[in-house]
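In what follows, a single structure is set out as structure tokens and then discussed.
The values are calculated or read from the model by the stated rules, or taken from the named source; none is laboratory data. The structure displayed is predicted, hence computed values, not measured ones. All Cβ positions, glycine included, derive from the backbone under ideal geometry; neighbour counts span all protein chains shown.
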Amino acid sequence: MLHNESAAIHPRGTLDLIRRFFANVPLLGWLAGALAAVVLEQAIGTSLAHALGLPRIPVLFGFLIFLKQPALIPGALGYVLLSNILPICIIAKVGAPLFNFLCRVLFKMPLLVTAVVHLALLYAIFHIWTDVNAYRLIMLKLMLISILLTLSLNVINGYMGEFSCSHPGFMALGAYSASLFTVGLFVNDQLFGQAILVSDYAVVFFPLGLIFAGLVSAFGALIIAIPSFKTRGDYLAIISLAFTFMVKSLLENLEFLGGPRGLSGQPDWSSLPMVFIIVVLGVWIINNFVTSTMGKALNAVRDDEIAAEAMTVNTRKTKIIAFMFAAFWAGVAGGLFAHVLRFVNPSTFGLQKLAEVLAMVYFGGLNSVYGSIVGAVSISLLGEALRPLEILKWIIIPLLLILVMIFRPRGLISFKEFNIEKLLKPRS
Amino acid sequence: MNLTYILQNVINALQWGSFYALIALGYSMVYSILMLFNFAHGDIFMVGAYIGFALTTALVAMSAAGVIVLPNWLILILTIILAMLFTSCLGMLVERIGYRPLRGAPRASAAITGLMIGIILQTTVLSIMGAQRVLFPSLIQTTTYNVAGVSVTNIKIMIVFVSIALMIALHQFVQHSKWGMAMRAMAYDYTVVPLMGVSINAIAAMTFAIGSALAAAAGIMYGMAYPILDPSMGILFGWKAFVAAILGGRGSIMGACIAGFLIGFIEIFVATIFPSTLRDLIAYSIIFVILVFRPHGLFGEPYSARLRL
């Protein structure tokens, strides 16, 4: 009782204490801890799960168990504590001096090397974590793709300050053109006939296909951008909405692309390393774009178009380039998406997709790379974790989003610069 | 294609367009006064149809059980009035919960809450009514008149006339009443008008109430013409009506009505001339082209909006 009261008076007390306790752990430490945790899970996960009375390793941090089988909650909690939380915290805290030392050594090298080391660690964690279960693999891939998608929409809706509804359309263009590229050239298929090229060099050809997908959707963006950036106002919202419907309807009517039935038979080229590398590359390039002169011009256009014009910003050109840039990455994300599911049909890219992407952008936060990552990850995880609730899920997630909008109208982490050096630096 | 055939489709298009026009009015009024997209409006239309369905079913059952015996035409009128009332309460609730707390926030955030409220409404109806479609009870015996080869049902005539009557009533209200004047003033400048003693909250609530009532009327009439309801019909109609509202021009009641009828005409005639799978593609392409050449809509005036983003 007393404890509760003191917590009410100092609501941030415990949290602050935890934060101060772990203040000297660099990101490297957390990654190493997570790596140890996933290795541990792979080694003894199954026997640990059995010992705690669980039939198998909980796939998603026990969330599915909490909602489906309440009797197993203590076991699942114990599992998450023993195999995820404890190893990470202990290794991060105990090894902090060592990791800080390593971090300082790394920081003597160029920033790129440091970043690559961190990313390699992150990839290793993902790889081992998804090794346990195929469900984890597909969920992680889709989550990474949605990060790219969210970030590219954030360029338009956050950095540029317009309201675009065209992302499902761009995604559809990307998904279909990448599929056309791979299915048409590399697969023996009844729709397009014999394979023209051998598919031994997926590593080379798939990125080419993705670039093609991105270019196609950037070209689609041009169709919207030219008329709608003549005037300021809400017309982008309408024209882009009409565009999404047009693309969807067009795809439904093109028989050689499978019409409403969709297109299947994509080769299994969206492997985890491929998705990971493309998404990291995308995030890096988009981050560079929004911090560049062009990105600053974009912010200026958003804040005051007339003033920006007076400061010699070519507002129309800036907007068109940024819009096409965002569409390019949406197309790439669509191409990856098609090759993860290995099936696309036009109804995937409808209003539901639009609501999902918009939710991710506005939940995470406008004008921020962190925000997009947080938004995409949390909405995807929530969507998966609440799956056992079935229809109730579609009440809980919207309610949560409404609350976020009411209390933080610009999203959770908005207007924050993504500073890699600050993120990775040693903490002591 | 002969003249009768065209006339027949004109009548179908009038009916089809009147649904769009009635829903578009709700979007257009909210947009002109608060400058925001009420993305929940399509789902309010859907809920209105379901409220109408529940009321009709209840009243018919009561009549059958002999609790209160009412003739069918009275049930219809009662249903329409009560459903409009209940749905306007829902509209005001949506405004109070989803939009009023966000009045100082970026407009896009309010659009997101609207979208989410729409999803909540749809899920709620889905979980109450189940996924299967429900059949709207028919209250009026359908009579088909045959005028020079063109067949017209009494329901079609009623729908078109009631819609046009509602539009004229709204027009009179906005142009000739004190409340309507406040609404027009608010649409002109919503920062200064509150200083003149007009409560923006009252006007906003009233706008939502009127828009939702019109949507409910559209929902019931839709149920009478196409007696099958399902929870996703709000999305289908709502987004097209939204496009109609913008196509009509900001804050133009007449524009929203005409654009609603225009979309109805485009859809019906595209479906009669081309394969019906091409309907959306051609309809949206036409809208796209119209917007390219008239970016402010058919009847909207160019304005310089300083976006509150």
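Anything in region A:247-278 that is within 8 Å of another protein chain (Cβ to nearest Cβ) and either of a type in the set (D, E, K, R) or crowded, with 24+ Cβ neighbours inside 10 Å (or both)? List them, or say none.
A:248, A:252
Please specify each residue of region A:400-423 satisfying the condition of being outside any loop (DSSP other than H, G, I, E, B) and either under 19 Å from residue A:157 (Cα atoms) or small (Gly, Ala, Ser) (or both). Reasoning before the result, please.
Our first condition is that a residue be outside any loop (DSSP other than H, G, I, E, B); within region A:400-423, this holds for A:400-407, A:420-423.
Within region A:400-423, A:401, A:402, A:404, A:405, A:406 qualify.
I need a count of the residues in region A:81-101 that are surrounded by 17 or more Cβ atoms within 10 Å (Cβ to Cβ), assigned to a helix (DSSP H, G or I) and of a type outside the set (Ser, Thr, Tyr).
Residues in region A:81-101 being surrounded by 17 or more Cβ atoms within 10 Å (Cβ to Cβ), assigned to a helix (DSSP H, G or I) and of a type outside the set (Ser, Thr, Tyr): 10 in total.
Quick test of your reading of the structure: residue A:204 fulfils all but one of (1) buried (at least 16 other Cβ atoms within 10 Å of the Cβ); (2) more than 14 Å from chain B (Cβ to nearest Cβ); (3) part of a helix (DSSP H, G or I); (4) at pLDDT below 90. Name the failing condition by number.
Status for residue A:204: all satisfied but (1).
Condition test on residue B:50, is it more than 12 Å from the chain's Cα centre (by Cα), among the aromatic types (Phe, Trp, Tyr) and crowded, with 24+ Cβ neighbours inside 10 Å?
For residue B:50, the condition - more than 12 Å from the chain's Cα centre (by Cα), among the aromatic types (Phe, Trp, Tyr) and crowded, with 24+ Cβ neighbours inside 10 Å - is met.
Kindly indicate the residue of region B:97-110 that is assigned to a helix (DSSP H, G or I) and more than 7 Å from chain A (Cβ to nearest Cβ) and also farthest from residue B:46 (Cα to Cα) among those meeting that condition. Let's see the steps before the verdict.
Initial filter on region B:97-110 (assigned to a helix (DSSP H, G or I)): B:97-102, B:107-110.
Next, from what is left, pick out any that are more than 7 Å from chain A (Cβ to nearest Cβ): B:97, B:99-100, B:107, B:110.
Numbers: B:97: 19, B:99: 20, B:100: 23, B:107: 24, B:110: 21 Å.
Step by step, filter region B:97-110, then rank; the result is B:107.
Say whether the condition of being within 9 Å of another protein chain (Cβ to nearest Cβ), outside any loop (DSSP other than H, G, I, E, B) and in contact (Cβ under 8 Å) with a residue 40 or more places away in the chain is met by at least one residue in region A:290-302. Steps first, please.
Here is the first cut: in region A:290-302, the residues within 9 Å of another protein chain (Cβ to nearest Cβ) are A:302.
Those left that are additionally outside any loop (DSSP other than H, G, I, E, B): A:302.
Those still in the list that are in contact (Cβ under 8 Å) with a residue 40 or more places away in the chain too: A:302.
Within region A:290-302, one or more residues are within 9 Å of another protein chain (Cβ to nearest Cβ), outside any loop (DSSP other than H, G, I, E, B) and in contact (Cβ under 8 Å) with a residue 40 or more places away in the chain.
Of all residues in region A:217-242, how many are more than 24 Å from the chain's Cα centre (by Cα), buried (at least 19 other Cβ atoms within 10 Å of the Cβ) and part of a helix (DSSP H, G or I)?
Looking only at that region, the number is 8.
Looking at region A:61-84, I want the residues that are more than 18 Å from residue A:382 (Cα to Cα) and have a partner that is of a type in the set (Ser, Thr, Tyr) and surrounded by fewer than 17 Cβ atoms within 10 Å (Cβ to Cβ) with Cβ atoms under 8 Å, at least 6 apart or on another chain. Which pairs are those?
Once the first residue is more than 18 Å from residue A:382 (Cα to Cα) and sits in region A:61-84, no partner that is of a type in the set (Ser, Thr, Tyr) and surrounded by fewer than 17 Cβ atoms within 10 Å (Cβ to Cβ) comes close enough.
Going residue by residue through region B:73-96, is there one that turns out to be at the interface with another protein chain (Cβ under 10 Å from one of its Cβ atoms), in a helix (DSSP H, G or I) and surrounded by 20 or more Cβ atoms within 10 Å (Cβ to Cβ)? Step through it out loud before you land on a result.
Just the residues of region B:73-96 that are at the interface with another protein chain (Cβ under 10 Å from one of its Cβ atoms), to begin with: none.
Checked region B:73-96: no residue is at the interface with another protein chain (Cβ under 10 Å from one of its Cβ atoms), in a helix (DSSP H, G or I) and surrounded by 20 or more Cβ atoms within 10 Å (Cβ to Cβ).
How about region A:48-64: which of its residues are surrounded by 16 or more Cβ atoms within 10 Å (Cβ to Cβ) and not in a loop (DSSP other than H, G, I, E, B)?
Once the filter is applied, which keeps residues that are surrounded by 16 or more Cβ atoms within 10 Å (Cβ to Cβ) and not in a loop (DSSP other than H, G, I, E, B), region A:48-64 yields A:48, A:49, A:63, A:64.
Select, from A:353, A:393, the only residue that is of a type in the set (Lys, Arg), at the interface with chain B (Cβ under 9 Å from one of its Cβ atoms), in contact with a helix residue (DSSP H, G or I) (Cβ under 7 Å, 6 or more places away or on another chain) and surrounded by 15 or more Cβ atoms within 10 Å (Cβ to Cβ).
Just one listed residue meets the conditions, A:393.
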